[in-house]
1. Restricting things to alpha carbons, find the Rg to Rh ratio for segment 112-160 using the Kirkwood radius for Rh.
2. Net charge around Val203, counting only other residues with Cβ within less than 14 Å of its Cβ (Lys, Arg = +1; Asp, Glu = -1)?
3. Take the alpha carbon gyration tensor of segment 187-290, find the square roots of its eigenvalues, order them as a ≥ b ≥ c, and report rounded if a/c is under 1.5; if not, report prolate when a/b exceeds b/c, else oblate.
4. Select from Thr36, Thr182, Thr231 the residue whose mean-square fluctuation is largest in a Gaussian network model of the chain (Cα-Cα springs shorter than 10 Å).
5. What full-extension length gain, to one decimal in nm, is calculated for Glu27 and Gln284 as 0.36 nm per residue of separation minus the Cα-Cα distance?
6. From Cα pairs below 8 angstrom and at least 6 apart in sequence, can you work out the relative contact order of the chain, rounded to a whole percent?
7. Arg252 to Arg150: extension gain in nm, 0.36 nm per residue of separation minus the Cα-Cα distance?
8. Which angle between 0 and 90 degrees, to the nearest 10, do you get for helix 225-237 versus the longest principal axis of the chain when only C-alpha atoms count?
Amino acid sequence: MTVTDISRRKKFFAQGNAYVPHIVVIEKIIEETPDTRTFHFSFKDEKLRKDFIFESGQFAEYSVFGVGEAPFTISSSPTRRSHLECTIKRVGRVTNALHRLGVGAEIGFRGPYGNGFPLDYLQGKNLVFIAGGIGMAPLRSLIWSVIDNRDSYQKIDIIYGARSPADLCFRYDLDLWGRDKTINLVTTVDKGDEGWSGREGFVPQVVEQVAPSASDAVAIVGGPPVMIRLTFPVLKNLGFAPEQMLTTLEKRIKCGIGKCGRCNIGNIYVCRDGPVFSYAQIKQFISSEY
Ligand code: FES
């Protein structure tokens, strides 16, 4: 796709009222865990379906008509364009309403918003993906994008943890990544059950044990705030500089387009300046606000 194509498509999506959603149709629903589902969906409008572009790490606002809207990252990869995916945990009014919908239901979609992961910066590097629970969703988009352009990157480590085996999302991806000889996949759970033969331990501890090299590497961290906060010092001890650590935040996003002022951390707006940040950009806020 040429630069002209990209700018033409961005212009196309910038037209009209930014608050009016496009209609998308749910095509498939995957039960990830007892409270988390991945929705496969496509635009109802043929032209939108063909022209829509986004970057790994960007998010969108999803609305259930008559209930409300909420922001979620796009969890599929821009390199796989047959449909879009988002992964949603049932935690409140909008997410409960989304979980009540079935295949064929129509929902609203505004986006994509925010920045994406900096592919230019990541290319040619060793990549260390570190995720907890549903925090894998944005990283998964990038992981598939990296796999689909495998020659542009060096070593891939993926460290993924959840509270229990039942809370691990994307098992079908974990299965494929585990069989890929070019990927070092480590999964862990806080507490295993009788069927679990893998590691036990919190993600930051496992990062310490795996000890990925910081040489020519970038670590991309996604998960609950406490996991992110505890993982950065471990990476720092392993030699990662603040610029070599990336994360994605979702704090208090409401409008998604820099208008409502709900998502600020210090002087940055998560929706407009992020949601992808380096630790260098957010380290002064991370302990007090996140
Ligand atoms: S969500 Fe409204 S300004 Fe960021």
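What follows draws every value from the coordinates through simple rules; no lab data is involved. The model shown is predicted, which means the values in this text are computed figures rather than measured ones. We place every Cβ from the backbone using ideal geometry, glycine too, and count neighbours over all the protein chains shown.
1. On the way: Rg = 10.9 Å, Rh = 11.4 Å.
Using only Cα positions, Rg/Rh for segment 112-160 is 0.96.
2. Net local charge, Val203 excluded: -1.
3. oblate
4. Thr182
5. Difference between extended and current length: 88.3 nm.
6. Numbers: 569 pairs, mean separation 48.3, N = 290.
Reported relative contact order: 17 percent.
7. Residue separation times 0.36 nm, minus the Cα-Cα distance, leaves 33.3 nm.
8. Once rounded, one gets 40 degrees.
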